[in-house]
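Undergrad: First the structure, which I've put down as structure tokens, then a few questions once you've had a look.
The values are calculated or read from the model by the stated rules, or taken from the named source; none is laboratory data. Since the model is a prediction, treat every value here as computed from it, not as a measurement. Quick reminder, even Gly has a Cβ in these numbers, built from the backbone with ideal geometry, and neighbours come from all protein chains shown. When the accessible area is computed, the model is the full protein with side chains, heavy atoms only, and any ligands, DNA or RNA have been set aside. Shrake-Rupley method; radii C 1.70, N 1.55, O 1.52, S 1.80 Å.
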2 protein chains.
Amino acid sequence: MDEIMLQSGSAGNIVYQQLKQQIVSLELPPGTALSEKETSLTFHVSRTPVRESFVRLAQEGLLLVLPQRGTRVSLIDPDMVEEARFMREQLEKAVIRLACESFPADKLQEMENNLMMQQESMERHDGKSMFELDEAFHRILFEGVRKMGTWNVIQQMNAHLNRTRVLWLSQDPHWGHLFGQHREMIQAIRSQNADLAERIMKEHLTLSISNLPVLKQRYPEYFK
Amino acid sequence: MDEIMLQSGSAGNIVYQQLKQQIVSLELPPGTALSEKETSLTFHVSRTPVRESFVRLAQEGLLLVLPQRGTRVSLIDPDMVEEARFMREQLEKAVIRLACESFPADKLQEMENNLMMQQESMERHDGKSMFELDEAFHRILFEGVRKMGTWNVIQQMNAHLNRTRVLWLSQDPHWGHLFGQHREMIQAIRSQNADLAERIMKEHLTLSISNLPVLKQRYPEYFK
DNA sequence: TCTGCCATACTTGTATGGTAGTATGGAAGT
DNA sequence: ACTTCCATACTACCATACAAGTATGGCAGA
């Protein structure tokens, strides 16, 4: 939201963004105990802006605030992950169908460029870069059909889903598979084959949580 | 979210819920100027919990905070309304398809009961009751297919959409039309006719913003 | 050794004073 | 009459002090 970006200089907003980045990147693993006091010391601000960021993060489901007891980075809820995937599937299928009807040429070019950068990151085995490019790829799709509000909603509810994707990409890439699907999507949009595009997208997003059970077994302390 | 319900006793949460109710019900019309000080006086609490609620409401897009200038109830953004409707259409179409595959009998009975109460409210010309029953009707649908997380996301993003629905139901009901569609939905679920159910849902949600231009012309000061 | 109590050190929740930035109205100057 | 400037009264933002609830470790007593 633009109205939030406007306050980007405020201490509270800086703490919020920093914490969110650290949580989603698993730099602060699920279950980590935080406290307003401790956090205020590390960021060299008072408790007020820290508390403000805690409230926002709790509303997004990234923090769990227990009154008078403490605050912890929320555990990943597998049911929520599946439901986030479900929502994202429905929305992205509809969006890529729109893209097949009409899509601006410059955005299509952006996607092509992104795809080339994906190949580079893949060769460098750069998981972090690959994750960001994947994110950007889908974002461009939403920009092209002018559904940024929808993209923002997805971003918010992807709190849990994104953490599992980070976990997954850090160990069992399947990057080639993802890359191939991205390329197929572009081709489908070009040829305006909506049914094909929808099918690819569905498989693409299904793949993204296919080994959730494996992750749950490997990192049991991260899950609910 | 349950973790937020747990703090329901806190002053900050009470202020938050009260303000949200007043905003969505248009008791606090779009554009209304608020201030931490003023609000703290009316609720007989300090500025801290008020500020906390402002932060949360701003994140939901219901308040617009301008640093060092003031806080206003956000205007209704027609583009956001349309996009919220778009999202809701995609999600509810998918959900009612699931319902057509399998749906628990007790939930179906709840929907039948709700439908009867809708008829009563319709005869009493009770718009507020009708709005709440409509809300509950769709909620039961999500409960039946166990997609409450999805329902909660819809509730959040419906901030703008709901205000237009309140505005609309207060003057040009079309209650009979809504009622008929609800009845058809139940029949479609019973007969497990997913394609029919999806079509009705699409029409149902399209209808819900069909006269947005009229509203925009009638209450121009409420829109962006 | 084990159990129960309690002081203590945490936690979040709330109130309040002060700071810096902004809008506004009136006075002074042209 | 019109413009410019400035005092004043706002605003949200931040720091800090206090209040109330909770976990914990040690000590006393059995």
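Undergrad: Looking at B:K147, is it within 14 Å of chain A (Cβ to nearest Cβ) and touching a residue at least 12 places away in the same chain (Cβ under 8 Å)? Walk me through how you get there before you give the answer.
TA: Working: within 14 Å of chain A (Cβ to nearest Cβ): yes; touching a residue at least 12 places away in the same chain (Cβ under 8 Å): yes.
So B:K147 fits the description; yes.
Undergrad: Please work out if B:F43 is within 16 Å of DNA strand C (Cβ to nearest atom), of a type outside the set (S, T, N, Q), outside the structural domain of B:H182 (by TED's automatic domain parsing) and touching a Ser or Thr at 6+ places or on another chain (Cβ under 7 Å).
TA: Working: within 16 Å of DNA strand C (Cβ to nearest atom): yes; of a type outside the set (S, T, N, Q): yes; outside the structural domain of B:H182 (by TED's automatic domain parsing): yes; touching a Ser or Thr at 6+ places or on another chain (Cβ under 7 Å): no.
No: the conditions fail for B:F43.
Undergrad: With B:Q181, B:Q192, B:Q156 as the choices, which residue is within 14 Å of chain A (Cβ to nearest Cβ) and either surrounded by fewer than 20 Cβ atoms within 10 Å (Cβ to Cβ) or on the phi > 0 side of the Ramachandran plot (or both)? Break it down into steps so the answer makes sense when it comes.
TA: Details: B:Q181 fails: within 14 Å of chain A (Cβ to nearest Cβ); B:Q192 fails: within 14 Å of chain A (Cβ to nearest Cβ).
Going through B:Q181, B:Q192, B:Q156 in turn, just one is within 14 Å of chain A (Cβ to nearest Cβ) and either surrounded by fewer than 20 Cβ atoms within 10 Å (Cβ to Cβ) or on the phi > 0 side of the Ramachandran plot (or both): B:Q156.
Undergrad: When B:D126 is evaluated against the numbered criteria (1) under 21 Å from B:V24 (Cβ atoms); (2) free of Cβ contacts under 8 Å to residues at least 60 places away in the same chain; (3) crowded, with 20+ Cβ neighbours inside 10 Å, which criterion, by number, is the only one it fails?
TA: (3)
Undergrad: Return the residues of region A:195-224 that are in contact with a Gly (Cβ under 8 Å, 6 or more places away or on another chain) and loosely packed, with under 15 Cβ neighbours inside 10 Å; say none if nothing qualifies.
TA: Residues of region A:195-224 in contact with a Gly (Cβ under 8 Å, 6 or more places away or on another chain): A:221-222.
The answer is A:E221, and nothing else.
Undergrad: What number of residues within region B:53-77 satisfy the criterion of being within 8 Å of chain A (Cβ to nearest Cβ), open to solvent by 30 Å² or more (accessible area, probe 1.4 Å) and touching a residue at least 24 places away in the same chain (Cβ under 8 Å)?
TA: 0
Undergrad: Within region A:51-60, which residues are more than 16 Å from B:R47 (Cα to Cα) and within 10 Å of DNA strand C (Cβ to nearest atom)? Explain how you work it out, then say what you get.
TA: Restricting attention to region A:51-60, the residues satisfying the condition of being more than 16 Å from B:R47 (Cα to Cα) are A:53-54, A:56-60.
Passing the criteria: A:F54, A:A58.
Undergrad: Out of A:R97, A:R69, A:R124, I need the residue that is within 16 Å of DNA strand C (Cβ to nearest atom) and more than 21 Å from the chain's Cα centre (by Cα). Which one?
TA: On the way: A:R97 fails: within 16 Å of DNA strand C (Cβ to nearest atom); A:R124 fails: within 16 Å of DNA strand C (Cβ to nearest atom).
On inspection, the qualifying residue turns out to be A:R69.
Undergrad: Another question about this same structure. Going by the structure shown, is B:Q22 outside the structural domain of B:K128 (by TED's automatic domain parsing), within 9 Å of DNA strand D (Cβ to nearest atom) and out of contact with any Ser or Thr (no Cβ under 9 Å at 6 or more places or on another chain)? Before you say what the answer is, go through the steps one by one.
TA: On the way: outside the structural domain of B:K128 (by TED's automatic domain parsing): yes; within 9 Å of DNA strand D (Cβ to nearest atom): no; out of contact with any Ser or Thr (no Cβ under 9 Å at 6 or more places or on another chain): yes.
No.
Undergrad: Going by the conditions given, is A:G9 outside the structural domain of A:I154 (by TED's automatic domain parsing), among the small types (G, A, S) and surrounded by 14 or more Cβ atoms within 10 Å (Cβ to Cβ)? Reasoning before the result, please.
TA: Working: outside the structural domain of A:I154 (by TED's automatic domain parsing): yes; among the small types (G, A, S): yes; surrounded by 14 or more Cβ atoms within 10 Å (Cβ to Cβ): no.
No, not satisfied.
Undergrad: Is it the case, given these coordinates, that A:A94 is crowded, with 21+ Cβ neighbours inside 10 Å, at pLDDT below 95 and facing chain B (nearest Cβ under 10 Å)?
TA: Values: crowded, with 21+ Cβ neighbours inside 10 Å: yes; at pLDDT below 95: no; facing chain B (nearest Cβ under 10 Å): yes.
Here the answer is no, as A:A94 does not meet what is asked.
Undergrad: If you don't mind, there's one more thing I want to ask. Being within 20 Å of B:Y219 (Cβ to Cβ), free of Cβ contacts under 8 Å to residues at least 40 places away in the same chain and more than 22 Å from the chain's Cα centre (by Cα) is the requirement here; does B:L34 meet it? Quick ask: steps written out before the conclusion?
TA: Values: within 20 Å of B:Y219 (Cβ to Cβ): yes; free of Cβ contacts under 8 Å to residues at least 40 places away in the same chain: yes; more than 22 Å from the chain's Cα centre (by Cα): yes.
Criteria met by B:L34.
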